[in-house]
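J.: Pasting in a structure now, in structure tokens, and then I'll have a few things to ask.
The values are calculated or read from the model by the stated rules, or taken from the named source; none is laboratory data. Only a predicted model underlies this, so the values are computations on that prediction, with no experimental measurement involved. Cβ placement follows ideal geometry from the backbone for every residue including glycine, while neighbour counts extend to all protein chains displayed. Side chains are part of the model used for accessible areas, which takes the heavy atoms of the whole protein and leaves out ligands, DNA and RNA. Shrake-Rupley method; radii C 1.70, N 1.55, O 1.52, S 1.80 Å.
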Amino acid sequence: MRRPSPLPSTPPAAPRRSAPTPTPAAEAAPERVESAAPGRLAPVVPLEPTASSAAESNETAPDAAADRPLGVRDVWAAARARRRALRREVRRFTVRQRRRRYAWLGALAAVVLLGVGAVGAAYSPLFAVSKITVIGTQKLAPAAIEQALSGEMGTPLALVDSSAVKAALVSFPLVESYSIEARPPQELVVRIIERTPVGVVSTKAGFSLVDAAGVVLGTTAAAPKGYPVIEATGGAGSRAFRAVGAVYRSLPADLRKQVSAMSATTPDDVTLEIEGADVLWGSAEQPVEKARVLKAAIVARPPSKVEQYDVSSPSALVIR
């Protein structure tokens with residue numbers, strides 16, 4: 001009996017590979033399939049990295065940076081950031097103080113500008129002297145004094161030279177004292193106090209008109225009328241002369257006109273001459289009481305009938 005022929009053998013089937021679950025990025029990304037031999041599966045080669053791989057790389061980047069050692073640049077950058085933050089905080093907390101400081105600086109600048117402007121205007125031609133006014137003169141001519149001070153015309157009021165004014169007024173003996181006053185914008189006022197003549201002193205050159213201090217105000221050949229002739233031991237400037245001047249200036253105007261001569265050897269024995277009668281005045285003390293007693297005595301007994309009135313002690317009048 002013939003045996004049956006064996007069945008032809010078949011090659012075992014290759015195990016199936018499970019396809020990987022595609023990701024959204026993999027589904028969207030195109031794939032390139034390479035041709036393979038018949039009966040074999042072609043491998044899938046992705047053209048670009050997937051989004052999941054990029055996200056994983058980003059998540060791992062900080063960890064890698066944290067693990068990296070710090071360098072000098074990192075330290076400098078941190079220090080600069082800290083300084084900037086500190087400056088911002090300081091500016092935020094000092095804003096009110098800076099505002100007050102700016103306000104004070106602005107006010108100070110305004111004051112300085114105002115002062116500079118005022119000084120500049122004072123020294124400018126806008127305040128130059130264009131008018132000179134003389135006040136207080138009685139015997140002196142104001143026009144003569146204005147002419148003497150004409151050199152100050154055109155000078156700024158702040159630059160008027162007081163020494164030049166004094167040099168110009170020295171030539172006027174009647175000027176005892178003076179003061180100058182600036183009246184903006186262009187007026188210069190000169191206040192004059194004149195010397196008061198008290199009498200005439202006989203000298204070799206003639207008769208000199210003098211004041212209470214013995215200053216010669218003028219000299220003429222004849223004695224000027226209206227002033228008594230003075231004779232004082234020690235001459236002008238002595239204590240006796242000063243006492244005579246003080247007595248003359250203390251007399252009322254009506255009595256002063258009647259005095260024709262005055263003399264003194266000491267400051268305590270001043271003697272006046274009124275219409276030929278002598279008046280023993282004594283010292284320069286109590287001038288008001290002495291003048292009152294003398295007036296009453298002259299009314300009671302005129303000088304033509306009297307040789308001497310003694311008022312040196314006003315409480316005890318003596319008429320000779």
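J.: Considering each residue of the stretch 141-192, count those that are over 30 Å from the mean Cα position of the chain (by Cα), open to solvent by less than 70 Å² (accessible area, probe 1.4 Å) and at pLDDT below 90, and give that number.
T.: Adding up the residues that qualify gives 2.
J.: May I pose another question? Just one of (1) surrounded by fewer than 18 Cβ atoms within 10 Å (Cβ to Cβ); (2) over 24 Å from Leu209 (Cα atoms); (3) not hydrophobic (A, V, I, L, M, F, W, C) trips up Ser250, so point out which.
T.: Looking at each condition in turn, Ser250 falls short on (2).
J.: Exactly one of these conditions fails for Thr196: (1) polar (S, T, N, Q); (2) under 30 Å from Gly154 (Cβ atoms); (3) in contact with a Lys or Arg (Cβ under 9 Å, 6 or more places away or on another chain). Give me its number.
T.: Of (1) polar (S, T, N, Q); (2) under 30 Å from Gly154 (Cβ atoms); (3) in contact with a Lys or Arg (Cβ under 9 Å, 6 or more places away or on another chain), only one is false for Thr196: (2).
J.: On to the next question. Run down Ala296, Ala222 and say which single residue is open to solvent by 30 Å² or more (accessible area, probe 1.4 Å), out of contact with any Pro (no Cβ under 9 Å at 6 or more places or on another chain) and under 28 Å from Ser171 (Cβ atoms).
T.: Ala222
J.: Same structure again: Quick check on the stretch 271-287. Is at least one of its residues without any contact (Cβ under 8 Å) to a residue 24 or more places away in the chain, surrounded by fewer than 19 Cβ atoms within 10 Å (Cβ to Cβ) and more than 20 Å from Ser208 (Cβ to Cβ)? Walk me through it before giving the result.
T.: Keep residues of the stretch 271-287 that are without any contact (Cβ under 8 Å) to a residue 24 or more places away in the chain, which gives 271, 285.
Among the residues that remain, those that are also surrounded by fewer than 19 Cβ atoms within 10 Å (Cβ to Cβ) are: 285.
Now restrict to residues that are more than 20 Å from Ser208 (Cβ to Cβ): 285.
Yes - at least one qualifying residue is present in the stretch 271-287.
J.: Looking at Ser263 and the list (1) open to solvent by less than 30 Å² (accessible area, probe 1.4 Å); (2) at pLDDT 90 or above; (3) in contact with a helix residue (DSSP H, G or I) (Cβ under 9 Å, 6 or more places away or on another chain), which single condition is not satisfied?
T.: Only one criterion is unmet by Ser263, namely (1).
J.: Take the residues in the stretch 112-138 that are out of contact with any helix residue (DSSP H, G or I) (no Cβ under 8 Å at 6 or more places or on another chain), farther than 30 Å from Glu194 by Cα and open to solvent by 100 Å² or more (accessible area, probe 1.4 Å); name whichever of them is modelled with the lowest pLDDT.
T.: Looking at the filtered set, the residue picked out is Pro125.
J.: Among the residues of the stretch 294-320, write down those that are under 60 Å from the mean Cα position of the chain (by Cα), within 17 Å of Lys257 (Cα to Cα) and among the aliphatic types (A, V, I, L, M).
T.: Listed by number, the list holds a single entry, Leu294.
J.: Given the criterion open to solvent by less than 30 Å² (accessible area, probe 1.4 Å), outside any strand (DSSP E or B) and within 21 Å of Leu251 (Cβ to Cβ), identify the matching residue among Gly214, Gly199.
T.: When all the criteria are applied, what remains is Gly214.
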